[in-house]
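Okay, so here's the structure we're looking at.
The values are calculated or read from the model by the stated rules, or taken from the named source; none is laboratory data. From a predicted model like this one, the values you see are computed outputs, not experimental measurements. The accessibility values were calculated without ligands, DNA or RNA, using every heavy atom of the protein model including side chains. Shrake-Rupley method; radii C 1.70, N 1.55, O 1.52, S 1.80 Å.
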Amino acid sequence: MQEVLEQILDYLKGIWIKRRYLMVATWLICPMGWFAVSQLQDTYESEARVFADTQSILGPLLKGMTVESNPDEQISLMVKTLLNRPNLERIARMTDLDVQANTPQEFNDLIERLTTGISIKKTGGRRQNIFNISFSDKDPVMARDVVQSVITVFIETTRGENRKDSDSAQKFLDSQINEYENRLLKDEARLTNFKQKYSEVLPNQYGGYYDKLNNAKEQLKTIELVLLETKTQLESSKSKLNQSSTAESAQQNNIVDSNSVKTTYDDRIAELQGQLDTLQLRYTEQHPDVREVQRRLEHLSKKREAEIEQYLSNSNDAGSEYAPISQNPVIQDIQIQVNQLEGQVASMEVRANNYRNTVKELENKIHTLPEIEAELVALNRGYDITKKQYEDLLERKEKAQIGQSANETTSKINFKVIDPPRAPLQPAGPKRFLFYVVVTFLGVGVGLGLSFLFSQINPVVTSSSQVARATGIPIFGIVSATENLGLQSKDKRKTILFFVSNSLLILILGFFIAYSLFPDAIQAPIHRIFNL
């Protein structure tokens, strides 16, 4: 450690001996550097503070009714994209800076200067949208105009983007609504045609396919049971009629007209005729009930004609013991019951056949039912999706219209200029004091470096330890120089010259500092001297 300290001390002594190089370097570098710094042109910085208020009074009122956007994110995005080339060209035109550019290259250099010179910084924390906008220029008025132009472009661009976004959203929603409306109409048409085509097997208010099939089977089973019971009653009534019939004869001298003969079928025919008239008012001729009543009327009419013919033939046959139209009330009641039962049997057989055909048709379609149901599910799913999207688009369009109306009435983002830009009276730069210090350290550093370099190239022995390290021979004593040699006085003169030189440099530095602080006060006497 002692050897290191001694070596460092030897280096310092060597630099001190070669201090003339330090003087030369400082005199060559420092005055010229200080003069260059003093001649740097002043720059003036204009600054403004803008507050972007995103707390609109309509926000809570329109919550849920309009498409909500984050104005803070919108402002942040606008700040990032504000200094694009179109906006910078607009700022250059607004401030007449473009007039200064005579060539395209100069105009590009102007845009680059605006890009690097304009500063937009957010202050006041994340929740407070306060922006500092600043710009520096050699002309204070131009600096103020540029900042004012930036504020104008910032505000107008933000509001213009809001209107542009609203118009674009409206056009997009209109095109999507038209597209989904056409798709919805096509889906409705396909679904309607499908339901009409497979209406017999598709579910309705009476249930689905299996419900229809089970109901048809149950009705067929019921009608067959009722038909069997009616047939049994008919057979029993016919047996009673055959056992209770007696021969009755009636003699008539005059020819009896068939229309004047009363038979056992007249009341039933009149009843059926009334039913037919009622049914024809409600249904067409092809309706099953109408056709059934007509068939029964035809059947009873044939039986009536047969009974009249039998009656007329028996009336002409004298001595006959059989009277087809009995005058016995009991026999007449039985005959009426038989006729009614026969009509019921015929009607039930028609219904039973109809139910059998229905069951057979439904059973034949059971193999195609899964495909029909799968296709119906797919059609309903597509229709529901399209309908939901269509309704969502309509709702969004309504919200967009309300939001656009609200934006036209009042903006979501209101800009307030807290501190307007002003033309600065004092220059903001360059930082001459810092540059003076840098030049001073540069000159001193270069001088120290040269002194050290020459002390190593042409070393001077300053101590016995240095000789011992250089030769490797131990030193037992030293001999001091006397004043008669003149070495001490020479060294003293060099030292005085060194301090005088540095003092002059300090005075020159003080002059330049004073010139930077009070240029007018320094320039006025200088001008008077040169004018003299």
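In sequence order, the stretch 298-308 has phi-based couplings of 5, 5, 5, 5, 5, 5, 5, 5, 5, 5, 5 Hz under the Karplus curve 6.51 cos²θ - 1.76 cosθ + 1.60, θ = phi - 60°, and Gly or Pro positions carry x. The length gained by stretching the chain between Asp266 and Ile506 to full extension, at 0.36 nm per residue less their Cα-Cα distance, is 71.3 nm. On the protein heavy atoms, probe 1.4 angstrom, tell me the percent of accessible surface of the stretch 73-123 carried by carbon and sulfur. Carbon plus sulfur share of accessible area: 52 percent. Among the listed pairs Lys186/Lys397; Lys80/Lys431; Lys197/Lys217; Lys80/Lys122; Lys122/Lys416; Lys195/Lys217, a Cα-Cα separation exceeding 18 Å is found for Lys186/Lys397; Lys80/Lys431; Lys197/Lys217; Lys195/Lys217.
Ignoring lysines fewer than eight residues from Lys490 along the same chain, the ones with Cα atoms less than 17 angstrom from its Cα are Lys13, Lys18.
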